[in-house]
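Nothing in this text is a laboratory measurement; each read-out follows from the coordinates by a stated rule. The shown structure was predicted, so the numbers you read here are calculated from the model rather than taken from an experiment. In this analysis, Cβ positions are derived from the backbone assuming ideal geometry, glycine residues included, and neighbour counts consider all displayed protein chains.
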Amino acid sequence: MKRSLMTRGVETLLGWGGSLTGVLLFVALWEWGSLVYGSFLLPGPRDALAALGRLWQEGAAAAVWATAWRAMLGFVLAALVGTALGILAGLSRTLGRALEPVSTVLLGIPPIAWIVLAILWFGSGSLATVYTVMATSLPVSFAGAQMGALTRDRRLQEMADVFAVPPLMRLLDFHLPHIASYVFPALITALGVAWKVAVMAELFATEDGIGAGLAMARVNLDTAAAMAWIVLVVALLLATEHGLLRPLQRRMEPWRQAGQRGK
Amino acid sequence: MLKLEMVGHDFGRERTLEGIDLTVAPGESVCLVGPSGCGKTTLLRIAAGLVTPCEGRVSDDFRRSTVVFQEPRLLPWRRLLDNIALGLKAMGVPQQERLTRARALADELGLAERHDHYPHELSGGMQQRVALARALAVDADLLLLDEPFSALDVGLRSEAQTLLLGLLARRNIASLLVTHDLTEALRLGHRVVVMSPSPGCIVHEQRIERPFAERDTAFLYEAAGALLRQPAVAESFLFHQDEVSA
């Protein structure tokens, strides 16, 4: 089961190499497209990087910060409320039946419609963005938590009956670890939704943030700047996913980790 | 003493158990044997209090009874010691004490090197030993076992049976073990109770006088052969009306 440090190091390198190959392939395609269609329609990676440098000097950090806190606030609220409701809906059949159609309806409403509603209700500004982010990512975390609570192992429940496990311990030791394995992937999806929706909402509702920067790029017909913003959004999304959520998952689910190592 | 009187049970529209009388005395090992689908697992669940029978009476004045299931049913997200200590945690035993007791049990059951392993890092035989340790940890005086070794291969099964016999004798624990394997029942029981299907009922009961240590393979096959010569047992095991028609 245990392998030498060296083999593991080589495997890690190969894994990184694989990902790197994919990224480089994508960049190469991008460069090729830029050569074919010209740098006005599709500025190449180097143009985008140059534009990013320019934007950074003009204060893109403030825009990133503005978008980040709106997206994160909306995401965290949606994650808390959605997960809590999802667990309850999975544990109680009545509540599940009542909440499921609501969640389906919410999932069906396009984010753009939420933005219109939010601007009508709250006016332009951060609140409209945060609300839209929350409304769109909440059903995702709800569905994940509900699925987790619904798929509890009946055989383990019976074992809990045999040992007369008290309710609180049943929740903490039996239900939650199982539910968490469903909630984490859902949260990672929800985080992606939150980022994208935040940027989109800012395009219409706010004066600052990455979305507003994109709107400005559109007005100025500055495609390179638009590409630069996109690169920034993707980089930030990957950073949050791999820098925050996945390490958190590894920390909270060491038993799964050990399984991967054993393979 | 565990006592089932005239227990009958329906599962949906089907009659699964009919007129069952069964007792398990303190320290006694009773093996319930029968072909699959004869209702023996349902009977064990009724004895464990997990299922309330449609008819009849169940009285259990053992101090504490626990169940070892056919599958280990360990918590995949808990380490070996925490899995053994699960029942103690449910009873509110402080962490330090329950881990000490779990460690002692793990060592006794030959799991000494693996205190910090997660269930999926253990072999099937070890997982089942953890499940056994978990049942013993709560200091039960009645153990209900539902085909606990059926997933193990022959060598491991024999080893696990020897281990179980030792544990039960040392602690003077009574047991009700369900199995479809006649030789297993003859090896582990003071008394062997044979069930027959549709509806599940007891057709034969036999006390095995020979001490456990002297029940070698030759004896087991001979006793199984003798048991199968009983018409009721033969009918239950060798010929199933429902299987032919199915």
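Using the Karplus relation 6.51 cos²θ - 1.76 cosθ + 1.60 with θ = phi - 60°, the per-residue 3J(HN,Hα) values for the range A:134-141 come to 5, 4, 8, 8, 4, x, 5, 5 Hz, with x marking Gly and Pro. Annotation: the residues B:GLU209, A:GLU202, sorted from fewest to most other C-beta atoms within 10 Å of their own C-beta, follow the order B:GLU209, A:GLU202.
State the volume of the convex hull built on the alpha-carbon positions of the protein assembly as shown, expressed per residue in Å³ and rounded to an integer.
Details: hull volume 112.2 nm³, N = 509.
In the protein assembly as shown, the Cα hull volume divided by residue count equals 221 Å³.
Residues within the reach of a label modelled at B:ASP10 (point 7 angstrom out along Cα to beta-carbon, backbone nitrogen below 20 Å), restricted to the range B:51-81, are B:51-58. Shown for B:CYS38, B:CYS54, B:CYS201, B:CYS31: other C-beta atoms within 10 Å of each C-beta, ranked fewest to most, produce the order B:CYS54, B:CYS201, B:CYS31, B:CYS38. Per residue, the average separation of C-alpha pairs within less than 8 Å and at least 6 apart gives the range B:75-140 a relative contact order of 49 percent.
Is there a simple number for the mean count of other chain Cβ atoms within 10 Å of the Cβ of residues in B:87-99, and what is it?
Values: counts 5, 1, 5, 9, 4, 2, 0, 0, 0, 0, 0, 0, 0.
Taking all residues of B:87-99 together, the mean is 2.
Each of B:LEU186, A:PRO101, B:MET1 was scored by the projection of its Cα onto the charge dipole of the protein assembly as shown, and the greatest displacement toward the positive side belongs to A:PRO101; charges sit on the C-beta of Lys, Arg, Asp and Glu. Using Cβ point charges alone (K and R +1, D and E -1), the dipole size of the protein assembly as shown about the Cα centre works out to roughly 1000 debye.
Relative to its residue count, the range B:100-162 spans a Cα convex hull of 93 Å³ per residue. Distance from the Cα centroid of the range B:70-123 to that of the range A:122-167 is 29 Å (rounded to whole angstrom).
For the peptides A:183-189, A:153-159, B:215-221, residues were scored by their other Cβ atoms within 10 Å and the scores averaged per peptide; the highest-first order is A:183-189, A:153-159, B:215-221.
Which peptide among A:10-21, A:60-71 comes first, and what is the full order, when sorted by highest mean count of other Cβ atoms within 10 Å? Walk me through the intermediate numbers first.
Working: A:10-21: 10.1, A:60-71: 19.9.
In descending order of packing, they fall as A:60-71, A:10-21.
When the Cα positions of A:VAL116, A:LEU73, A:PRO139 are compared along the charge dipole of the range A:67-262, A:PRO139 comes out farthest toward the positive end, with charges on each C-beta of Lys, Arg, Asp and Glu.
Counting other beta carbons within 10 Å of each residue's own, what order do A:LEU77, B:LEU227 fall into, fewest first?
A:LEU77, B:LEU227
Protection proxy ranking of B:178-190, A:30-42, by the mean of other Cβ atoms within 10 Å over each peptide's residues and highest first, is B:178-190, A:30-42. Summing +1 for each Lys or Arg and -1 for each Asp or Glu among the other residues whose beta-carbon sits under 14 angstrom from that of A:LEU42 gives -2. Using a ≥ b ≥ c from the Cα gyration tensor of chain A (square roots of the eigenvalues), is it rounded, prolate or oblate, where a/c under 1.5 gives rounded and otherwise the larger of a/b and b/c decides, a/b for prolate? Taking the square roots of the gyration eigenvalues as a ≥ b ≥ c, chain A is oblate.
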